[in-house]
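So the structure is just underneath, and the comments pick up after that.
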Amino acid sequence: MFLKIVRRSFTNMRDSYLIYVLACSFAIGIFSVLLSLVDNPKLKTNISIWSSGFANITLFFSILFIFCAFVYMGFVGGFFIKQQAHEFKTFDKFGMSRFTILIIGFIQTMLVQLVSWVIGILIALIFQKFFGMLLLYLMGVKSGFSFLFTSNTFNLLIQIGIYSTLVFSVMNSFRVNRLLKDKNNKKISSRFYLRIPAGFLGVLFFISGLFVTIVLISDIKDNQTNQVMQQLIFLFVAYLLGSYLIYFGFLPSLLTILQHIKWIAYTGINVFSFKYFKERLIRNNSVLWFITELSSLALILLSICYFSYQTAYSNYLYAHPFELTANQYTVKDIKNDLKENNSQITREYKTTVKTTVVKRGSNGEIIPGTFMSYSDYQKLPKSNVAKNPKISKNQFLILDFGYNVSGYNFKKPDTAVVSVKNAKQIKSDKIGSAFPYGSTMYQGLMIIAPDNYYNKLQADVKNTFYGWFFKDGDKLTHKQFKKLDKQEYTRGVLIKKADNLNDTKLSAVHEPKHYQGEIFMDSNYSRQKTAKIQVDQISGFGIFIVALFSVALLIALGSVLTLKLLLRDDSEWKQLRTLNKIGVDKGEIKEIVKKETIYTFVIPIVFAVMQSYIVIALIGRFSAMTMIVPFILINLCYIALYGIIGFVTYLISWRSVDQKLN
């Protein structure tokens, strides 16, 4: 008898159960794939930082992924219990024991969960190699991927599947029990006079959030950062509370008011659909709000990930402007290696610099200052210095990573003041951060000085930098690179501070171990290819994780809305059947279903896009990078995918309604 009742429930709600099982199976499959990638030997062999970094990150995201999947299963699983409320209460009235009814709810949930886990693990087994090859491709690793699903991983998945199935089955049994205790099935509905002030307050909060977002953009651009944190906290509360109160109060109140306007509510198909849609919206306002906030979070995260990728790539270009860079300590070995490999050099640059002690005027910090003459600076490739302010032969250019990067020195000064040992103090409004030979080759400040100032400057330490561009790369072998890598941070400068800047001493050191004073180590070489491999691997890994989470989140949110549209209660089905009986043809009912689907999908995405615009304010502090165009493209792609899910939902929803009417 149990199986017969369960089978009938599955048959009656087969479309809804199919959507739920597919969404759960996809989440379980992705979790299983991520878990299996953690200990994959191919990834450990071909990606040097996999074991030390990426493996732990993958494990963390797999745990986060299954946690989110469990939240989805627990939340959406309750939809089916509510849908069967009338059926369970009918069993209770006919004398079926409560324990038997609980067993029916338990068995239904257990079968659905077990099927989801079986399909999910099969998806992982079938597509593990595909996802592994995709990961390697995105990370720029040219290597094959071997299928590996260890017994430990398989046993762990089975244990998690069994325990979670039992937990969700028991949870739904409690839901059935609570439903049966509610004999009168009283629905708590808020009075109209409560919805109006709540809606007005929600609109006020939301509009004030939009206004503060505009103010936040202005504050950041004007470097008025004293109240930025308070504004961000207010935005979080205003958008979160405002959007909920709009769903709870404003939209139902607006629809109620429109319902009393004859030329709106009693025109065309609205005669039949307006009240129906209003009741559906009120019943689902919490779900719509939940979808809105998660969609907004998804858009913000996608925008931030894109910005992070652009920032990493920009920092990579700042740090490695030449394909290969050396100083006077490594140039001999590098030239021998290039000659041995027959590397084809297209352009070669050489610049002599002087290093002495300087003191920042902003914080009084005493650090090394590397000086380059204006004439030598002008000989460098334009691509290396294009992002710096232009200067004349009599002007100073201060290159300091801290002046331009938010978080290091948040409030950028208009003028940099630098005191120089035994030389004239420098004041300049020309401040940049694009170091000509790469930021890793220097410690402290770099100053481009007029030729007269540079020639008179007394240097404590001198150095010479070399930079090369090649036709087909530097062709360094792995052995040569490893040998060169051992020399990377073996040279630097030592500062012995005194009461007076002019008495402070700076000297060159080699592999410092027991020196007294403050030591600043410089990189003796810089290789663009090595850095690009790391950037490609990090960005590729990030794209892989973000893409999986984004697709999974989109499927989860879309399935929640789809299930909410499909799982109509008895009163809602009764309204549609009544419309059909009084003469409303199927074409008009189909139009009602279409409008309901459009409104249900469009309203959350509109509010989500408006809220996610805050990401422009957050990234607006980085004046060198605009996010308007990427933000628009990200939103358009998300809306397009969201729209596809909405269209499929409409087709499934109408199919379900058409079958019921027949």
- From (1) touching a residue at least 60 places away in the same chain (Cβ under 8 Å); (2) exposed (fewer than 15 other Cβ atoms within 10 Å of the Cβ), pick out the condition that doesn't hold for SER343. (2)
- Item | Residue satisfying condition, being loosely packed, with under 13 Cβ neighbours inside 10 Å and either among the hydroxyl-bearing types (Ser, Thr, Tyr) or within 24 Å of GLN328 (Cα to Cα) (or both), within set THR477, THR490, THR504 | THR477
- Message: Being surrounded by fewer than 17 Cβ atoms within 10 Å (Cβ to Cβ), part of a helix (DSSP H, G or I) and modelled with pLDDT under 80 is the requirement here; does TYR163 meet it?
- Response: no
- Count, please, the residues in segment 339-368 that happen to be closer than 13 Å to LYS497 by Cβ and basic (Lys, Arg). 1
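For residues that are of a type outside the set (S, T, N, Q), outside any loop (DSSP other than H, G, I, E, B) and touching a residue at least 40 places away in the same chain (Cβ under 8 Å), scanning just segment 471-488, find the one that is nearest to LYS529 (Cα to Cα).
Among those that are of a type outside the set (S, T, N, Q), outside any loop (DSSP other than H, G, I, E, B) and touching a residue at least 40 places away in the same chain (Cβ under 8 Å), it is PHE481.
Conditions (1) modelled with pLDDT of 80 or more; (2) over 25 Å from the mean Cα position of the chain (by Cα), marked per residue:
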site: SER189; (1), (2): no, yes
site: LEU204; (1), (2): yes, yes
site: LEU216; (1), (2): no, no
site: ASP219; (1), (2): no, no
site: VAL228; (1), (2): no, no
site: PHE234; (1), (2): yes, no
site: GLN259; (1), (2): no, yes
site: GLY268; (1), (2): no, yes
site: LYS275; (1), (2): no, yes
- Message: Given the condition under 21 Å from the mean Cα position of the chain (by Cα) and more than 30 Å from VAL237 (Cβ to Cβ), answer yes or no: does some residue in segment 316-323 qualify?
- Response: yes
- Note on the structure: Pairing a residue in segment 141-154 that is assigned by TED's automatic domain parsing to the domain that holds TRP50 and touching a residue at least 24 places away in the same chain (Cβ under 8 Å) with any residue that is of a type outside the set (S, T, N, Q) and surrounded by fewer than 11 Cβ atoms within 10 Å (Cβ to Cβ), where Cβ atoms lie under 9 Å and the two sit 6 or more apart in sequence or on different chains, gives SER146/PRO41; LEU148/PRO41
- Selection over segment 618-650 where residues are modelled with pLDDT of 65 or more, over 17 Å from the mean Cα position of the chain (by Cα) and not in a helix (DSSP H, G or I) yields a count of 1
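A quick yes/no check of all residues on (1) closer than 29 Å to VAL657 by Cβ; (2) in a helix (DSSP H, G or I); (3) among the β-branched types (Val, Ile, Thr):
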{"site": "ALA498", "(1), (2), (3)": "no, no, no"}
{"site": "GLN516", "(1), (2), (3)": "no, no, no"}
{"site": "THR530", "(1), (2), (3)": "no, yes, yes"}
{"site": "GLY540", "(1), (2), (3)": "no, yes, no"}
{"site": "PHE544", "(1), (2), (3)": "no, yes, no"}
{"site": "LEU548", "(1), (2), (3)": "no, yes, no"}
{"site": "LEU557", "(1), (2), (3)": "yes, yes, no"}
{"site": "LYS574", "(1), (2), (3)": "yes, yes, no"}
- Message: All but one of (1) part of a strand (DSSP E or B); (2) closer than 27 Å to SER362 by Cβ; (3) in contact with a Phe, Trp or Tyr (Cβ under 8 Å, 6 or more places away or on another chain) hold for TRP468; state the number of the condition that does not hold.
- Response: (2)
- Every residue from segment 71-93 that is within 21 Å of the chain's Cα centre (by Cα) and touching a residue at least 24 places away in the same chain (Cβ under 8 Å): TYR72
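The values are calculated or read from the model by the stated rules, or taken from the named source; none is laboratory data. Just so you know, these numbers come straight off a predicted model, no measurement behind them. For neighbour counting, all protein chains shown are included, and Cβ atoms are generated from backbone atoms with ideal geometry for every residue, glycine included.
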